[in-house]
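Worksheet: the structure to be examined is printed underneath.
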Amino acid sequence: MSPRAGKAGQNAGPDTFDTLAFVESPVQLLNVLEWAHAHAPGAGLTLVVLSPVDPMTRGQLRRMAELARREGHQVRWEEARGGALAPFQTVGGLTGPLRRARRIVMGDPFSRYVQLLLTITGARDLVVVDDGTATMEFVTQLARGERLVRWHRKGTRRGPRDLVFAPVSSSARRRLTPAGDRRVEIFSSMPIEETPGGVTVRANDFSWTRARFGPPRITRGADMVGTSLVETGVVDGDRYLAAVRSLARTHGALRYFAHRRESAEKLHRLAVETGLEVVRPDLPLELIARRGPIGRTVLSFPSTVVHTLPLALVGTEVRVAVCDIDPAWLTRTASPRAQGFLDGVTGTARDVHRLSAVRAV
């Protein structure tokens, strides 16, 4: 059953809107479910999906929305990017619930949509649930009082839209800073080394995922996890394909689990040149791996999964191995911080086997 475009009261449940959660990706929705399971058991929330246009992401979000409904939560699906008037309709329809909500849960504090919605709400409890490696950067920027900007864009020149939106972003950063009776919580499985003053940090151990799925059937071979580092302009496409080919040959990998943002052209070329079976998961990889079957070794480049998969697969015999990014693979336009950030993602991962960067020529 496909979610319908959100209007006030449609798929929205009770009119109290005590807790509103905003998500734009399947992983964010998964981590809202993890937060609710760990810290608000039995309390239903209204989950607002700010739907993107990417078909792969939309498909995973629909599957995750059904899981959320089964857990007793209300889902409000917003076609937030469905045309020129969509943002105005979305914000207008959410203004009332935002003003009545006592708690806001969000998956991406860097999102312009979420930042705009934060200027409307008067909620005193704000919760940021895990959005992977972006959470690490958000916490650091909040602790240092820096402007909110994604790590792979840091150091690049701000465009006209960035300048126009700067006042909203600054307001959102202030709202996400504890003050008076306003409380801010971060719920994350990522390593947080620099905690902002007054912010409560709670650990996400994927207990909901382990309770609902698995244990998985484990195969003898290896699986690979894809990354969108090429699509975000960080890593050169040819170097990436060569690295994947080398890793697959060395470790006997048979399947490649594509990241939802990887392009069809790149994946087709990867399948032809490496012989790997390309799998486009219909759920976040943590659920796919827990459901199984999954290889005894899971190979990854620096990404969120090197932190989350060991937690989701705790108690199994699956080994997660991460391959470093060689500085020579970076594009000329990559952020100056890219190498250090990626090294940090790998270096802070627990319960993983670290591989040296493979030769990609």
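The values are calculated or read from the model by the stated rules, or taken from the named source; none is laboratory data. For clarity, every value in this text was computed on a predicted model and none was experimentally measured. A quick note on method: Cβ atoms are made from the backbone with ideal geometry, for glycine too, and the neighbour counts reach across all protein chains shown.
The figures follow:
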| quantity | calculated |
| --- | --- |
| Strands (runs of 3 or more DSSP E) within the stretch 168-228 that include 1 or more residues under 30 Å from Ala243 (Cβ atoms) and in contact (Cβ under 8 Å) with a residue 24 or more places away in the chain | 183-188, 218-225 |
| Qualifying position, being in contact with a His (Cβ under 8 Å, 6 or more places away or on another chain) and either at positive phi or among the basic types (Lys, Arg) (or both), among Arg291, Arg332, Arg350 | Arg350 |
| Criterion (over 18 Å from Arg220 (Cβ atoms) and within 18 Å of the chain's Cα centre (by Cα)) met by exactly one of Glu262, Glu273 | Glu262 |
| Any chance Gly340 is assigned to a helix (DSSP H, G or I), over 22 Å from Ala242 (Cβ atoms) and outside the structural domain of Pro55 (by TED's automatic domain parsing) | yes |
| Matching entry among Val314, Val318 (being at pLDDT 90 or above, touching a strand residue (DSSP E or B) at 6+ places or on another chain (Cβ under 8 Å), under 26 Å from Pro26 (Cα atoms) and of a type in the set (A, V, I, L, M)) | Val318 |
| Leading residue by the ranking (farthest from Thr140 (Cα to Cα)) among those in the stretch 164-184 that are among the aliphatic types (A, V, I, L, M) and at pLDDT below 85 | Val164 |
| Checking Gly214 against (1) on the phi < 0 side of the Ramachandran plot; (2) surrounded by 16 or more Cβ atoms within 10 Å (Cβ to Cβ), the condition it does not meet | (1) |
| Residues (under 28 Å from Arg280 (Cα atoms), under 23 Å from the mean Cα position of the chain (by Cα) and surrounded by fewer than 18 Cβ atoms within 10 Å (Cβ to Cβ)) located in the stretch 80-101 | Arg81, Gly82 |
| Where a residue in the stretch 322-346 is touching a residue at least 40 places away in the same chain (Cβ under 8 Å) and its partner, wherever it lies, is part of a loop (DSSP other than H, G, I, E, B) and among the aromatic types (Phe, Trp, Tyr), with Cβ under 8 Å and at least six apart | Cys323/Phe301; Ile325/Phe301 |
| Residue ID - farthest from the chain's Cα centre (by Cα), chosen from residues in the stretch 37-56 that are among the small types (Gly, Ala, Ser) and farther than 11 Å from Arg103 by Cβ | Gly42 |
| Residue under evaluation Val298, criteria (1) of a type in the set (Val, Ile, Thr); (2) modelled with pLDDT of 95 or more; (3) touching a Phe, Trp or Tyr at 6+ places or on another chain (Cβ under 8 Å); (4) under 25 Å from Thr135 (Cα atoms), criterion not met | (3) |
| Check on Ala68, closer than 29 Å to Ser263 by Cα, assigned to a loop (DSSP other than H, G, I, E, B) and under 20 Å from the mean Cα position of the chain (by Cα) | no |
| Subset of the stretch 42-62 [surrounded by fewer than 16 Cβ atoms within 10 Å (Cβ to Cβ) and either in contact (Cβ under 8 Å) with a residue 60 or more places away in the chain or part of a helix (DSSP H, G or I) (or both)] | Asp54, Pro55 |
